Amino acid sequence: MKHAGWIAGTAAAVLVAAGAITYAVADGEGTASSPTADSADAGFARDMAVHHQQAVEMSYIVRDRTDDPEVRRLAYDIAQTQANQRGMLLGWLDLWELPKVSADPPMTWMDMGSMAPGEDGALMPGMATNSEMKKLEKLGGEEAEVFYLQLMTDHHKGGIHMAEACVKRCEVKVETRLAQTMVDGQESEIALMAGMLKDRGAKPRP
């Protein structure tokens, strides 16, 4: 498929970079002291771990709902990349000896803690609702492909918003580099998915 090499290459590059970033944090690069529980560094790690988990779930759902190799390859690469990044984020919280959950609402570290709760289980911007996840599980073939690509486009947009906030607010250098990697990678995937939707006579949701 025309996008296969791009997808595989991008995923490999992200995973190699992720390994280097994990080592750097474990080796003490970044700040002189560990972040606090209410810091942007900790808040981003907690919230993005949750955000990524849903992307992994959606990707494995669509892999079981379609035989299209291009969509299955994209879904697999997104699942692997975001599962790897999620492990890093949770690992950093362990290294910093900070809790993986908080009593504060999501995105408080972005000064958005007063934001109204998400509709139908969507905890943060871009996340699919419980109803949308159930719908994806029931679709098949091209319908599943289109809905997945639309959901994941929205998901990436929400993730980019958070990652950009970390680039501006986080203090651990390797975490800001990872956040920028997320921005760059997900922006490229949004463009890729727009083309895949067009190939299927569809387009991203408004």
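The values are calculated or read from the model by the stated rules, or taken from the named source; none is laboratory data. Computed from a predicted structure; not experimentally measured. All Cβ positions, even for glycine, are placed from backbone atoms using ideal geometry, and neighbour counts span all protein chains on display. Note: areas computed on protein heavy atoms with side chains; ligands, DNA, RNA excluded. Shrake-Rupley method; radii C 1.70, N 1.55, O 1.52, S 1.80 Å.
What pairs come out if I take residues in the stretch 34-54 that are outside any helix (DSSP H, G or I) and pair them with residues that are hydrophobic (A, V, I, L, M, F, W, C) whose C-beta lies under 6 Å away, six or more apart or interchain?
Listed pairs, sorted by first residue: SER34/TRP96; PRO35/ALA42; PRO35/TRP96; ALA37/LEU98.
Out of the stretch 190-201, which residues are closer than 24 Å to ALA122 by Cα and either open to solvent by 30 Å² or more (accessible area, probe 1.4 Å) or aromatic (Phe, Trp, Tyr) (or both)?
Listed by number, the residues that qualify are ILE190, ALA191, ALA194.
I'd like the full set of residues that are outside any helix (DSSP H, G or I) and within 30 Å of THR36 (Cβ to Cβ), limited to the stretch 171-206.
Listed by number, the residues that qualify are GLU171, VAL172.
Quick check on ASP120: is it more than 20 Å from the chain's Cα centre (by Cα), farther than 15 Å from ALA49 by Cα and open to solvent by 30 Å² or more (accessible area, probe 1.4 Å)?
Answer is no for this residue.
Which one of these is β-branched (Val, Ile, Thr), open to solvent by 40 Å² or more (accessible area, probe 1.4 Å), at pLDDT below 95 and not in a helix (DSSP H, G or I): THR31, THR22?
THR31
From LYS168, LYS157, LYS100, grab the single residue that is more than 15 Å from ALA55 (Cα to Cα), open to solvent by 80 Å² or more (accessible area, probe 1.4 Å), assigned to a helix (DSSP H, G or I) and in contact with a helix residue (DSSP H, G or I) (Cβ under 9 Å, 6 or more places away or on another chain).
From the options LYS168, LYS157, LYS100, the qualifying one is LYS168.
Residue by residue, here is whether (1) within 27 Å of ASP67 (Cβ to Cβ); (2) over 19 Å from the mean Cα position of the chain (by Cα) holds:
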| residue | (1), (2) |
| --- | --- |
| SER131 | yes, yes |
| CYS166 | no, no |
| CYS170 | no, no |
| LEU192 | yes, no |
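Given (1) farther than 21 Å from LEU192 by Cα; (2) in contact with a Lys or Arg (Cβ under 8 Å, 6 or more places away or on another chain), identify the lone condition not met by GLY121.
For GLY121, the exception is condition (2).
Can you name every residue in the stretch 67-82 that is in a helix (DSSP H, G or I) and open to solvent by 50 Å² or more (accessible area, probe 1.4 Å)?
Within the stretch 67-82, PRO69, ARG72, ARG73, TYR76, GLN80 qualify.
Given the criteria modelled with pLDDT of 95 or more and either exposed (fewer than 14 other Cβ atoms within 10 Å of the Cβ) or over 20 Å from GLN54 (Cα atoms) (or both), does GLY113 qualify?
Criteria not met by GLY113.
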